[in-house]
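Undergrad: I have a structure here, written as structure tokens, and I will follow up with some questions on it.
The values are calculated or read from the model by the stated rules, or taken from the named source; none is laboratory data. Because the structure is a prediction, the values reported are computed rather than measured. Positions of Cβ are backbone-derived with ideal geometry, glycine not excepted, and every protein chain shown enters the neighbour counts.
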């Protein structure tokens, strides 16, 4: 603005990214709906991780998904998706927090689906550490599960034996640990000579 010139290799303008996430391929849920259609105007998700009505579809956080896969595998679960009520309540919470953040100002933004005065849906409503801490412990109570087989959620318990018990050579007393004693004491708590 003052007429000075600067020698530059490149100028990067990073204010107009369109990072709204809609899959580039069909993601069809059990009800026959395509996630791309459901997210045409606003991507509604559970904690920016999964979508209601689309079992086993995870957006982000591979470790969170690994925890879910472990639960699916060990508990005879066919599929899982966040409940509609959990998604709706998260959206309500997020929307109420967004009202006081800078993204609500009167400017066109991908956070508002390219509009000036639209609802802010893009970013996580908190710090990165806040998000990572949340993702470290899944809230299974927010999920809907469909089980294989009989429909009894405890069928995965089988005949009352663990894998450890039926495989040869496994440690069957893994839960017993040898106590660590302070130096100079024997197992009876007496000082050695």
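Undergrad: Where residues in region 7-29 are more than 30 Å from residue 84 (Cα to Cα) and modelled with pLDDT of 65 or more, which of them is farthest from the chain's Cα centre (by Cα)?
TA: Filtering first and then ranking leaves 7.
Undergrad: Residue 131 - would you say it is closer than 23 Å to residue 42 by Cα and surrounded by 13 or more Cβ atoms within 10 Å (Cβ to Cβ)?
TA: So residue 131 passes the test.
Undergrad: Then there's this: Being under 15 Å from residue 64 (Cα atoms) and part of a loop (DSSP other than H, G, I, E, B) is the requirement here; does residue 138 meet it?
TA: yes
Undergrad: Name, by its number, the condition in (1) under 21 Å from residue 133 (Cα atoms); (2) at pLDDT 80 or above; (3) touching a helix residue (DSSP H, G or I) at 6+ places or on another chain (Cβ under 7 Å) that does not hold for residue 58.
TA: The single condition residue 58 does not satisfy is (2).
Undergrad: If you don't mind, there's one more thing I want to ask. For residue 111, all conditions in the list (1) in contact with a helix residue (DSSP H, G or I) (Cβ under 8 Å, 6 or more places away or on another chain); (2) modelled with pLDDT under 80; (3) part of a loop (DSSP other than H, G, I, E, B) hold save one; what is the number of the exception?
TA: (3)
Undergrad: Something else now. Scan region 170-189 and tell me whether some residue there is at pLDDT 80 or above, surrounded by 11 or more Cβ atoms within 10 Å (Cβ to Cβ) and not in a strand (DSSP E or B).
TA: yes
Undergrad: Hey, among the residues in region 30-53 that are modelled with pLDDT of 90 or more and in a loop (DSSP other than H, G, I, E, B), which one's nearest to the chain's Cα centre (by Cα)?
TA: This residue is 52.
Undergrad: Taking the stated definitions as given, is residue 120 within 30 Å of residue 94 (Cβ to Cβ), in a loop (DSSP other than H, G, I, E, B) and modelled with pLDDT of 80 or more?
TA: Criteria met by residue 120.
Undergrad: Looking at 62, 87 in this structure, which one is over 25 Å from residue 150 (Cβ atoms) and surrounded by 19 or more Cβ atoms within 10 Å (Cβ to Cβ)?
TA: 87
Undergrad: Of all residues in region 54-87, count the ones that are touching a residue at least 24 places away in the same chain (Cβ under 8 Å) and not in a loop (DSSP other than H, G, I, E, B). Break it down stepwise before answering.
TA: The initial filter retains those residues of region 54-87 that are touching a residue at least 24 places away in the same chain (Cβ under 8 Å), namely 54-57, 59, 61, 63-64, 67-68, 71, 74-84, 86-87.
This time we only want the ones that are not in a loop (DSSP other than H, G, I, E, B), so: 63-64, 67-68, 71, 74, 77-82, 84, 86-87.
Looking only at that region, the number is 15.
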